[in-house]
Amino acid sequence: MTIDVVLCVPSCEGPVRKAFDVTGVSPAVAASARLNEIAALEPAKGFAGAVINAAALPFSEAMSLCRQLRQRERAVEPIILLLDHYQLDDLTFREDLFDDFVVGPFDVSELATRLRHRLRRAGNESVAARIEHGELSMNLETYQASIAGRVMDLTYMEYELLRFLATNPNRVFTRQTLLSRVWGYEYYGGARTVDVHVRRLRAKLGEEYAHLIQTVRSVGYRFGAPDEYDV
Amino acid sequence: MASMQSQAQYVLRTVEERGVRFVQLWFTDVLGRHKAFHVTPAELEDALDQGMTFDGSAIDGFSRTTESDLLARPDLTTFQLLPWHEPGAGVARVFCDIVNIDGTPFEGCPRQRLRHVLDDARAQGFTFFVAPEVEYFYLADLDPSRGPVPLDHGSYFDLLADDTASQLRRRTVLTLEEMGIGVEHAQHEDAPGQHEIDLRYTDALTMADTMMTVRHVVKELARQAGVAASFMPKPFVGVQGSGLHTHLSLWRDERNAFIGEHTYGLSDLAEKFIAGLVRHAPEITAITNQWVNSYKRLVPGGEAPVGAAWARYDTDALVRVPSVKPGRIDSTRVEYRSPDPAANPYLAFAVVLAAGLRGVMGNYALPAEGERTAALPQSLAQAVDLMENSSLMKETLGSHLVEWFLRNKRAEWEAYRGQVTPFELERYLPLL
């Protein structure tokens, strides 16, 4: 039996939302740290865990929520705290109230990795690292990508580029950004390397899905559905 | 970001997930002939980690006097499944660099020679893009005893009924696309059975790898269809041969450095680059046209260059400056027209870049359009002599490669020189 709803307090935006997306876990977002509000959101089988953003709450409220979740008959585990660095000192003697913590600014892949890792240790086997976007599915553990059920034969760099783009949908990246974020090692083509790989990826996505990678003229590339930016 | 470790993990997981039974480790000898090791998944991890040891003395151009053990070290970024193998019994390939046992680059490895030249260019701020037009023939078979038989009787751009050759070309293009190789277009070429695949530009190293892949795919798919394909530069008397017209551009600071205010929208740098190509063409021809047969293509009237000259329109020119479509200024480029598809692509791209850059560094003056400054060598023997006296070639290729190449090509010429050809028999036997 697996549960894949993780409590997320007090919001699920930006990198936190992306980390959930990447992990493939659905968040139950509670806007406040009040236990009765949280209980109303709880699925029949309970929460699989909690991500509590202490940086966005009064610190004492965050700690009190942790304590209440721990003391319940059906304990919520794991509890992952998100913190500002100045809150670190306040954790002293409260280590029993949480299982892991991440200090801001939050990095999507760090957050996703910790979330997945903690869920798995808590016995949640089904948490595969996966990116789903329409017909595109990427399994980050087996390094396999498929489009509309058809497995794609990707080279490593094609895979990495697609993963980066699909992890950050609807965001426009310049060629330079993609080079430094995805390659960051020896390559010979300058920024045109990106164009070459995008072309390859589009060829492998096939005609029907080539549009998933949009060219944003004189800027760079974006993953997702077309809209008014496109020429 | 890409680390060696995550690349290796990617390769190993893919092999596992996709049921790959063999991984081919690809490399080329000095003449550009395709070589491979076949490793099973069980051996793959070691091969990825440490490379494969092999005896280089059996490979053309790899032999040395002292010791012959070499390592083939996979370049994991080039790992690719070969799409024509059945799922569940998959075969993948990965290109290798050849290194000495101590890990230093092996001086006879064409792939690293090209890297070396590209590194030099990069140190000067340049990146080098190439886009070749690959010509070849589809033939009924490769039996030399009865001469080549073309598979169709089409001509330039002919749209033929759906015959074997057209089907093959289409399947080839689709397979290449599946492997991530961009094809700009494909067409029937001038001669019966002759076809052309124009590849989209990439950096020169990727393109040299791609050329090896293209030659392999074209031949493999032809073989599967029970016919054959050949990249021989001139298989038919009196019919144009197969070339590898190569479009070149240099970029600096992410801008096409060939764009400028001079004639045909070229920059000062582009003119110097062309001047370098024109001046050094005779001495690099041994590499771009490396077989006895290559020089049967470089004859007047065969739509192939015979002299060192540049022009916009002349199809006999060595360097052509193609027109650029309005709004597509970034595609400003020059086309180098002497190479043939049977060259070693790594070395060919290396010497072409080196020749052009020599013009840039040496501030060469561009000759007048259409002015023929020198003849191209008319035979392999002449080409080899020109190569021997070239300091550019020694600097670009290194003495190991040059010495081996000269020895090998002189032996080829000697073997050819002693032949009595059908031409001589037909012409002289009744007469003399």
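Computed from the coordinates by the stated procedures, all read-outs in this text should not be read as laboratory data. Note that the structure is predicted; figures quoted are calculated from it, not measured. Cβ placement follows ideal geometry from the backbone for every residue including glycine, while neighbour counts extend to all protein chains displayed.
For the protein assembly as shown, what does the convex hull of the Cα positions come to per residue, in cubic angstrom?
Roughly 198 Å³ of hull volume per residue.
Enumerate the whole-percent occupancy of each 10 Å bin, from 0 to the last occupied one, for all C-alpha pair distances of the range A:62-125.
Answer for the range A:62-125: a P(r) of 20, 50, 29, 2 percent.
Filter chain B for me: DSSP H helices, axial length by Cα at least 15 angstrom, mean Kyte-Doolittle hydropathy not below 1.6. List them by residue number.
What comes out of the filter, once short or polar helices are dropped, is B:345-361.
Quick one: if you stick a label point 7 Å off each Cα along the C-beta vector at residue B:123 and residue A:171, how many nm between them?
Placing both labels 7 Å beyond Cα along the Cβ direction yields 3.8 nm.
Run through every distinct alpha carbon pair of the range B:15-99 and return the Kirkwood hydrodynamic radius in angstroms, one decimal place.
13.4 Å
Magnitude of the Cβ-charge dipole of the range A:130-223, K/R +1 and D/E -1, about the Cα centre, nearest 20 debye?
Here the range A:130-223 has a charge dipole of around 360 debye.
First obtain the Kirkwood hydrodynamic radius of the range A:133-200 from its Cα pairs, then insert it into the Stokes-Einstein equation at 10 °C and 1.306 mPa s, and state the resulting D in µm² per second as a whole number.
126 µm²/s
Can you list residues whose amide H is under 5 Å from residue B:244's amide H, if they're 5+ apart or on another chain and H is modeled 1.01 Å from N?
Those lying under 5 Å, H to H, from residue B:244 are B:340.
If you place +1 on the Cβ of every Lys and Arg, -1 on the Cβ of every Asp and Glu, and leave all else neutral, what size is the dipole of the protein assembly as shown about its Cα centre, to the nearest 20 Debye?
260 debye
Looking at chain B as a GNM with Cα springs under 10 Å, which of B:297, B:13, B:169 has the largest mean-square fluctuation?
Greatest mean-square fluctuation among the candidates belongs to B:13.
Please label the shape of the range A:5-121 as rounded, prolate or oblate, based on the square roots a ≥ b ≥ c of the eigenvalues of the alpha-carbon gyration tensor (a/c under 1.5 means rounded; beyond that, a/b larger than b/c means prolate, else oblate).
Rounded, since a/c falls under 1.5.
Give the residue list of GluC sites (Glu not before Pro) in the range B:81-179 that are DSSP loop and have at most 11 other beta-carbon atoms within 10 angstrom.
Nothing satisfies the criteria.
Hey, if you drop one equal point scatterer on each alpha-carbon of the range B:239-382 and run the Debye formula without solvent, what base-10 log of I(q)/I(0) do you get at q = 0.16, 0.17, 0.21 Å⁻¹?
Values, matching the q order: -0.78, -0.88, -1.32.
Between residue A:164 and residue A:40, what FRET efficiency comes out of the Förster formula 1/(1 + (r/R0)^6) with R0 = 22 Å and r the beta carbon distance, rounded to 0.05?
With R0 = 22 Å, the Cβ-Cβ based efficiency is 0.05.
Connecting C-alpha atoms closer than 10 Å in a GNM of chain B, tell me which of B:269, B:174, B:347 has the biggest fluctuation.
Result: B:174 has the largest fluctuation of those listed.
Please find the FRET efficiency linking residue B:312 to residue B:254, where r is the Cβ-Cβ separation and R0 is fixed at 25 Å, and quote it to the nearest 0.05.
0.40
Treating cross-link reach as a plain straight distance, find the lysines whose alpha-carbon is under 26 Å from the alpha-carbon of residue A:45, omitting any fewer than eight places away in the same chain.
Hits, sequence-local ones excluded: A:18.
Taking the square root of 5 times each eigenvalue of the Cα gyration tensor, what semi-axes in Å does the equivalent ellipsoid of the range B:320-432 have, largest first?
Values for the range B:320-432, descending: 34, 22, 14 Å.
Quick one: dipole size for the range A:1-155, taken about the Cα centre, charges +1 on Lys/Arg Cβ and -1 on Asp/Glu Cβ, in debye to the nearest 20.
For the range A:1-155, the charge dipole is close to 340 debye.
Between their Cα atoms, which of B:234/B:394; B:296/B:325; B:272/B:325; B:272/B:296; B:234/B:409; B:272/B:409 are more than 25 Å away from each other?
Pairs exceeding the cut-off: B:234/B:394; B:296/B:325; B:272/B:296; B:272/B:409.
How large is the helix-only mean residue ellipticity at 222 nm for the protein assembly as shown, computed as the sum of -39500 (n - 2.57) over DSSP H runs with n ≥ 4, divided by its residue count, in deg cm²/dmol to the nearest 500?
Value at 222 nm, helices only, nearest 500: -11000 deg cm²/dmol.
What full-extension length gain, to one decimal in nm, is calculated for residue A:216 and residue A:17 as 0.36 nm per residue of separation minus the Cα-Cα distance?
69.2 nm
In the calculated pair distance distribution of chain B, what percentage of Cα-Cα distances lie above 37 Å?
Here the tail beyond 37 Å accounts for 24 percent of pairs.
Just going by the charge dipole of chain B, with Lys and Arg at +1 and Asp and Glu at -1 on Cβ, which of B:227, B:70, B:53 is farthest out on the positive end?
B:227
I'd like the Kirkwood hydrodynamic radius of the range B:137-283, using the inverse of the mean 1/r over distinct C-alpha pairs, in Å.
When all Cα pairs of the range B:137-283 are included, the Kirkwood radius is 17.4 Å.
Relative to 2.2 N^0.38 Å, what does the C-alpha radius of gyration of the range B:380-432 come to as a ratio? Two decimals please.
1.63
Would you please give the FRET efficiency between residue B:375 and residue B:399, computed as 1/(1 + (r/R0)^6) with r the Cβ-Cβ distance and R0 = 35 Å, to the nearest 0.05?
0.80
Nearest 10 degrees is fine. How inclined is helix A:192-205 to the longest principal axis of chain A, computing both from alpha carbons?
Approximately 80 degrees, to the nearest ten.
So what are the ³J(HN,Hα) numbers for the range A:19-33, from phi and the Karplus equation (6.51, -1.76, 1.60; θ = phi - 60°), rounded to whole Hz, Gly and Pro as x?
4, 5, 4, 4, 6, x, 9, 8, x, 9, 8, 10, 6, 10, 8
Just going by the charge dipole of chain B, with Lys and Arg at +1 and Asp and Glu at -1 on Cβ, which of B:10, B:40, B:375 is farthest out on the positive end?
B:375
Mind telling me which of B:418, B:56, B:243 comes out most flexible in a GNM of chain B, alpha-carbon contacts under 10 Å?
B:418
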